[in-house]
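**Student:** Structure below; questions to follow.
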Amino acid sequence: MNVCAIILDYFGADKTEKCLMSLASQGIKTIYLLDNSGSHSISEKLTSTVARVLATGVDFKVEIFSVGANLGFSKGVNFVLVHDRRSASSPYMKNASSKRPLSPTISCLKNKQQPLR
């Protein structure tokens, strides 16, 4: 099963780093990271944080999106879903913002729903 995760970051590179590390060895192939801060300096910090995580040898790739504004949670997730649908990479998504323990079997949804406009 091809599973990806979506993480929305809003001025929280340190929390995002912990979240990324917790997803290692969970069977997730791609993590989509949306920078929701709208700040160039925060985007740079987030990019260096991701580079540091990837340097540890985690078993996933990270695609970072910087849209230059705070889209909010729903629009941010839908933005990534539209991108993922176009790349047709993952039939299942993991809600990495869930407060439950992270596991690829929790909070998955089929990527067949239409994104909100």
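Just so it is clear, none of the values below were taken in a lab; they were calculated from the coordinates. Given the structure is predicted, the values throughout are model-derived calculations rather than measurements. Here the Cβ positions follow ideal geometry from the backbone for every residue, glycine too, while neighbour counts run over all protein chains shown.
**Student:** Looking at LEU34, VAL3, MET21, which one has the Cα that reaches farthest to the positive end of the dipole of segment 1-44 (charges on Cβ: Lys, Arg +1; Asp, Glu -1)?
**Tutor:** Of the options given, the answer is VAL3.
**Student:** Cut-off under 13 Å on the C-alpha distance; same-chain residues fewer than 8 positions from LYS29 excluded. Which aspartates and glutamates are left, in chain and number order?
**Tutor:** Excluding near neighbours in sequence, the set is ASP59, GLU63, ASP84.
**Student:** If I model a spin label at VAL82 and THR56 as a point 7 Å from the Cα along the Cα→Cβ vector, what separation in nanometres do I get?
**Tutor:** 3.3
**Student:** Counting other beta carbons within 10 Å of each Cβ, put ASP59, ASP84, ASP9 in order, fewest first.
**Tutor:** Fewest-to-most ranking of ASP59, ASP84, ASP9: ASP59, ASP84, ASP9.
**Student:** Give me the number: length gained by fully extending ALA24 to SER41, i.e. 0.36 nm times residue separation minus the C-alpha to C-alpha distance, one decimal in nm.
**Tutor:** The span from ALA24 to SER41 would gain 3.5 nm if fully extended.
**Student:** Also, quick follow-up: Are any of the pairs LYS18/LYS61; LYS18/LYS45; LYS18/LYS75 more than 19 Å apart by Cα-Cα distance, and if so, which?
**Tutor:** Where the Cα-Cα span goes over 19 Å, the pairs concerned are LYS18/LYS75.
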